[in-house]
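Taken together, the values in this text are just the output of simple stated rules run on the coordinates, not laboratory data. All figures in this text were calculated on a predicted structure; none of them were measured in a lab. Cβ sites come from the backbone with ideal geometry, for glycine too, and all protein chains shown count toward neighbours.
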Amino acid sequence: MALSRAQIQVAFQNSLGRAASASDENSYFSVSQSGALTDAQIFSTISNSREADQIADPVIRFYQAAFGRVPDQAGLQNAENFVRALGPSAATYQNLSNMFAQSTEFTNRFGTGTAVDAAYVQALYSTILGRAASSGEVDGYVNSAGITRGSALYLVSQSQEAISVSDAAVNGFQLNAAQGTAVYTGSIYTAQNGQPNTPGNTGSTFALTTGIDTLTGTAGNDTFLGTVDGTTPASRPRPLATRSTVALVRTLSASSRPLEPRTFRLLRTLRT
């Protein structure tokens with residue numbers, strides 16, 4: 001189905017933070033009407049454009065890194081206008097990062113201190129990259145003359161590693177924004193954005209007992225440990241599972257949502 005001019009304008013506004021120029025609008029309207037590009041291809045082209053990479057994507061990463069959430073539409077628009085006015089550069093991103101670090105929402109999350117100490121660096125690495133910083137990485141920040149919390153936020157959140165771990169989620173959010181279906185609340189790491197697990201979120205480990213277990217998983221990649229009873233007398237057929245396993249199978253099988261890969265592996269292992 002061909003896109004209307006209004007839909008093209010919405011895609012530009014939501015994904016790039018600006019109205020489509022007459023030239024932009026005419027070009028996309030033409031290729032849409034002719035069928036040269038599908039709707040999906042047009043949305044993808046806009047949301048993955050160089051302009052999006054330089055203007056919108058860094059802002060989205062700043063919001064997730066500093067506040068643990070996607071930007072609200074007004075905040076996204078304001079920050080994009082700031083970057084566009086000064087030009088996308090290291091100095092511009094640094095200035096924007098300082099604004100994030102001085103906000104109440106940031107200090108509520110990372111504390112009101114101003115020192116770039118080991119605890120702060122580890123907090124950034126954990127929440128942004130999903131891993132602990134090495135001693136060398138910590139020392140590099142702590143011993144850097146003149147570094148501020150805003151500087152450290154910029155260096156970690158816009159690093160190549162941060163871009164790599166968040167790329168699928170940022171691209172998914174941007175594509176949804178272009179299509180007018182983005183959700184502007186909560187973490188960027190959602191199934192809708194194509195990356196449901198926060199980087200480094202390994203979940204928890206649960207051990208099965210010989211009783212009837214009620215297992216409540218987390219949002220991470222959980223591990224359930226259990227052993228099938230191998231002492232069944234030879235005169236009786238060996239059961240497929242222990243009581244705890246049966247209860248688990250019954251609970252998971254009753255779920256209306258599709259079983260995730262880790263759940264399937266669990267059932268298959270316990271039934272072996």
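Gap in Å between the Cα centre of region 124-142 and the Cα centre of region 1-70? With region 1-70 and region 124-142 each reduced to a Cα centre, they are spaced 34 Å.
Please work out the FRET efficiency for the pair Ser23 and Asn81, using the Cβ-Cβ distance as r and a Förster radius of 22 Å; give the result to the nearest 0.05.
0.60
By definition, a body whose alpha carbon gyration tensor gives a ≥ b ≥ c is prolate when a/c is 1.5 or more and a/b is larger than b/c, and region 13-97 fits this prolate description. Shown is the FRET efficiency for Thr216 and Ile163, computed with R0 = 22 Å from the Cβ-Cβ distance and rounded to the nearest 0.05: 0.05.
Remark: region 138-148, residue by residue, has Karplus-estimated 3J(HN,Hα) of 4, 4, x, 7, 4, 8, 7, 5, x, 6, 10 Hz, where x stands for each Gly or Pro and the curve is 6.51 cos²θ - 1.76 cosθ + 1.60 at θ = phi - 60°. Relative to the current alpha-carbon distance between Gln122 and Asp139, full extension at 0.36 nm per residue lengthens the span by 5.0 nm.
Across region 48-179, the relative contact order, built from alpha-carbon pairs under 8 Å that are at least six residues apart, equals 30 percent.
A Förster radius of 22 Å combined with the Cβ-Cβ distance from Asn95 to Thr181 puts the calculated FRET efficiency at roughly 0.10. The simple spin-label model puts a point 7 Å past each Cα toward its Cβ; for Asp72 and Asp39 those points are separated by 3.0 nm. Taking a Cβ cut-off of under 13 Å around Leu153, the surrounding Lys, Arg, Asp and Glu residues balance to a net charge of +2, with basic ones at +1 and acidic ones at -1.
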